[in-house]
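Accompanying notes for the structure given below.
The values are calculated or read from the model by the stated rules, or taken from the named source; none is laboratory data. Note that the structure is predicted; figures quoted are calculated from it, not measured. Virtual Cβ from ideal backbone geometry, glycine too; neighbours counted across all protein chains shown.
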Amino acid sequence: MVKHTLSVLVENNPGVLSRVAGLFSRRGFNIESLAVGTTERPDISRMTIVVDGDNYIVEQVSKQLNKLVDVIKVTDIDANDSVSRELVLIKVDADPSVRTEIVQIVEIFRANIVDVGKNTMIIELTGDKGKVNAMEELLAPFGIKELVRTGIIALNRGSKPHKTNDEE
């Protein structure tokens, strides 16, 4: 199985996310990552969905998505011709004796410390999945109290945007 990143432009209407997720559920496909937000047009949202599957499965899912009323366009994002990022917030145990070590790790990864408590720190990192995983591994020995990831977002490189059907 190969991971595919799908970019799905949808009308920004109530219930669209539920219908899209339901399609995956009915087909028995697991969504590994899902991120949704409005685009440069407030009436259109972009869903970035990462799913495991071969080309045939992804083609079938794309065809089914395109049949949904609120779906404008589905594109399989090419990992070699796109930029993808994920945001993670990590709350780590950080008593004063280990803070210097944690700060050094944060600096190496060009992350940010966004909160400091009496015995904890919250670190914000943006990067590709490998960078996020590497940071998580290095912070694990300190004790990760909580962690939240946004899921992957992606855009094609270059001047070729993901156009809506009425713009093509």
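Quick look at the numbers
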read-out: Candidate set: segment 15-45, residues that are among the acidic types (Asp, Glu) and touching a residue at least 24 places away in the same chain (Cβ under 8 Å); chosen: the one surrounded by the fewest Cβ atoms within 10 Å (Cβ to Cβ); value: Asp43
read-out: One residue from Val58, Val69, Val148, Val98 being surrounded by fewer than 17 Cβ atoms within 10 Å (Cβ to Cβ), among the hydrophobic types (A, V, I, L, M, F, W, C) and at pLDDT below 95; value: Val69
read-out: Any hit, segment 47-55, residues being loosely packed, with under 11 Cβ neighbours inside 10 Å and under 17 Å from Gly22 (Cα atoms); value: no
read-out: Any hit, segment 85-96, residues being out of contact with any Gly (no Cβ under 9 Å at 6 or more places or on another chain), in the same structural domain as Leu138 (by TED's automatic domain parsing) and either outside any strand (DSSP E or B) or of a type in the set (Ser, Thr, Tyr) (or both); value: yes
read-out: Top-ranked residue in segment 79-106 [being of a type in the set (Val, Ile, Thr) and within 13 Å of the chain's Cα centre (by Cα); ranked as nearest to Val2 (Cα to Cα)]; value: Val83
read-out: Where Glu59 falls short, out of the listed (1) in the same structural domain as Gly22 (by TED's automatic domain parsing); (2) touching a Lys or Arg at 6+ places or on another chain (Cβ under 9 Å); value: (2)
